[in-house]
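Novice: Quick one: structure below, then a few questions.
Only the coordinates and a few stated rules stand behind these numbers; no lab work does. Because the structure is predicted, anything quoted here is derived from the model rather than measured. Cβ placement follows ideal geometry from the backbone for every residue including glycine, while neighbour counts extend to all protein chains displayed.
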């Protein structure tokens with residue numbers, strides 16, 4: 001095992017040495033299972049326009065904290081460096097406090113939420129400056145004012161409410177997300193296989209949150225045939241979401257990222273994964289809310305906010321895919337764009353028909369899209385053939 005004095009071997013390009021996702025990273029991600037569940041629960045208890053915006057903001061700060069650590073652990077194998085391991089585990093504990101305070105992050109626990117979040121982000125900067133190579137340390141110092149200033153504003157926001165609190169949250173998120181865009185990512189490095197695998201795993205966590213939503217929705221409801229049918233439709237929709245991402249989209253993205261080198265690769269990784277995956281993963285949180293609300297009110301129409309979350313989340317999922325594809329390949333899937341628009345167009349329908357019917361319509365839409373692409377999409381089949389090779 002490495003000691004603090006052991007030089008850390010960090011490749012300048014992912015092709016030189018690939019590091020597998022470590023058990024420490026998987027363990028760290030477990031706290032985000034709980035955090036994402038907390039966001040869905042927050043939304044379920046705040047079915048208002050303000051609640052929808054606050055839920056999106058909460059997910060935004062949680063997502064960015066995960067993004068920061070995913071870049072860090074892709075640079076340094078924190079499991080092999082004892083001080084780094086301890087810092088990551090400490091950050092995990094602080095992140096648990098963040099998750100615990102999510103339900104009242106804009107109320108009585110606002111200050112505690114902000115303080116715990118600052119600790120998570122401060123430990124990230126500290127770890128980078130201790131174990132990262134010199135050029136990455138320089139890059140971290142360049143963006144540190146934004147990475148610490150944004151979270152610090154969340155603490156300040158905790159002393160206010162209403163419009164002032166909301167404005168400070170918007171400013172904090174803008175600074176935090178904007179600093180790496182304004183000051184650039186030169187000096188950071190991306191190991192392609194490791195980086196893509198980390199995002200595959202966080203997608204699984206988000207999809208798992210949708211399955212948890214099914215259980216939460218049916219927790220205190222008799223297991224009638226209607227509820228069982230809704231649960232089966234819900235898991236079918238989640239399977240379709242999984243299929244549409246993992247069947248070939250992620251393969252095309254990994255191929256594209258591996259073709260870039262140096263700063264071009266880092267910029268592409270920042271845009272396609274750190275930024276655009278916010279839409280893809282975040283949309284799943286809203287879909288989870290829609291599934292939970294459907295099972296809870298299976299025989300009634302969805303309210304306007306749940307309908308927007310459910311249908312809008314489904315549409316946003318596909319819009320995120322197209323943004324991902326456009327950034328990587330400068331093309332879009334017209335079919336996915338159309339299906340996304342149809343999903344959003346179902347919002348008024350979902351407020352008139354039963355929630356079960358709305359779920360059935362969305363499930364049919366996404367399953368149909370997955371089946372069509374799997375059987376008839378030339379783009380998909382060409383890519384899958386190039387991945388497996390002839391005769392495999």
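Novice: Run through all the Cα pairs of region 52-208 and give the fraction in each 10 Å bin from 0, expressed as whole percent.
Specialist: Binned Cα distances yield the sequence 11, 39, 36, 13, 1.
Novice: What's the FRET efficiency of residue 26 with residue 104 using the Cβ-Cβ distance as r and R₀ = 30 Å, to the nearest 0.05?
Specialist: Calculated value: 0.55.
Novice: Report the residue, chosen from 348, 103, 306, that carries the largest GNM mean-square fluctuation when the chain is represented by alpha-carbon nodes joined by springs under 10 Å.
Specialist: In the Gaussian network model the winner is 348.
Novice: Go ahead and set up a Gaussian network model of the chain, Cα springs under 10 Å, then flag whichever of 49, 63, 242 fluctuates most.
Specialist: Highest fluctuation among the options: 49.
Novice: Under the definition of Cα pairs under 8 Å and six or more residues apart, what whole-number percent is the relative contact order of region 157-267?
Specialist: 39 percent
Novice: A follow-up question, please. What's the whole-number percent of alpha carbon pairs in region 227-353 lying beyond 17 angstrom?
Specialist: More than 17 Å apart: 60 percent of the Cα pairs in region 227-353.
Novice: Okay, next question. Extending each Cα 7 Å along its Cβ direction at residue 164 and residue 228, get the distance between those two points in nm, one decimal.
Specialist: Distance between label points: 5.7 nm.
Novice: Further, regarding this structure: Take the alpha carbon gyration tensor of region 119-267, find the square roots of its eigenvalues, order them as a ≥ b ≥ c, and report rounded if a/c is under 1.5; if not, report prolate when a/b exceeds b/c, else oblate.
Specialist: Because a/c hits 1.5 or more and a/b fails to exceed b/c, region 119-267 counts as oblate.
Novice: Percent relative contact order of region 23-182, based on C-alpha pairs within less than 8 angstrom and at least six residues apart?
Specialist: The normalised contact order for region 23-182 reaches 22 percent.
Novice: Let me have the 222 nm mean residue ellipticity of the chain computed from DSSP H runs of 4+ only, each contributing -39500 (n - 2.57), with the sum over all residues rounded to the nearest 500.
Specialist: -26000 deg cm²/dmol
Novice: Next question. Given a Förster radius of 30 Å and the C-beta distance between residue 364 and residue 80 as r, what FRET efficiency does 1/(1 + (r/R0)^6) yield to the nearest 0.05?
Specialist: Computed FRET efficiency for residue 364 and residue 80 comes out at 0.05.
Novice: Can I ask one more? Given a 10 angstrom Cα cut-off, can you work out which residue in 349, 190, 238 is the most mobile in a GNM of the chain?
Specialist: Of the options given, 349 has the highest mean-square fluctuation.
Novice: Can you give the extra length, in nm with one decimal, that the chain gains between residue 171 and residue 90 once fully stretched, where that is 0.36 nm per residue apart less the Cα-Cα distance?
Specialist: Residue separation times 0.36 nm, minus the Cα-Cα distance, leaves 26.4 nm.
Novice: Follow-up. Compute log10 of I(q)/I(0) for region 15-131 with the Debye formula, placing one identical point scatterer on every Cα and leaving out solvent, at q = 0.12, 0.21, 0.24 Å⁻¹, to two decimals.
Specialist: Values returned for q = 0.12, 0.21, 0.24 Å⁻¹ are -0.45, -1.10, -1.34.
Novice: Still on this structure, please answer the following. Just to be sure I understand, if you calculate mean projected area of the Cα convex hull in nm² for this structure, which of (i) 18.9; (ii) 19.8; (iii) 20.8 do you get?
Specialist: Evaluating mean projected area of the Cα convex hull in nm² on these atoms matches (ii).
Novice: Here is a follow-up. Within region 256-275, find all residues whose amide N lies under 15 Å from a label point positioned 7 Å from the Cα of residue 135 along Cα-to-beta-carbon.
Specialist: Output list for this probe position: 261-267.
Novice: Going 7 Å from the Cα of residue 345 toward and past its Cβ, which residues in region 281-313 have a backbone nitrogen under 16 Å from where you end up?
Specialist: Taking a point 7 Å out along Cα→Cβ of residue 345, the residues of region 281-313 whose backbone N falls under 16 Å are 311-312.
Novice: Also, quick follow-up: Rank these for me by crowding, 195, 319, going from fewest to most other beta carbons within 10 Å.
Specialist: Lowest count first: 319, 195.
Novice: I would also like to ask the following. Using r as the Cβ-Cβ distance of residue 329 and residue 204, and R0 as 25 Å, what FRET efficiency do you calculate, to the nearest 0.05?
Specialist: 0.55
Novice: Also: Based only on other Cβ atoms within 10 Å, what is the fewest-to-most ordering of 292, 220?
Specialist: The most exposed by this proxy come first: 220, 292.
Novice: Taking 0.36 nm per residue of separation and subtracting the Cα-Cα distance, what length does fully extending residue 337 through residue 250 add?
Specialist: Here the answer is 29.5 nm.
Novice: Only counting other Cβ atoms within 10 Å, I'd like 29, 104 sorted with the fewest neighbours first.
Specialist: 104, 29
Novice: So for the pair residue 181, residue 219, with labels modelled 7 Å out along Cα→Cβ, what separation do we get in nm?
Specialist: The two pseudo-label positions are separated by 3.7 nm.
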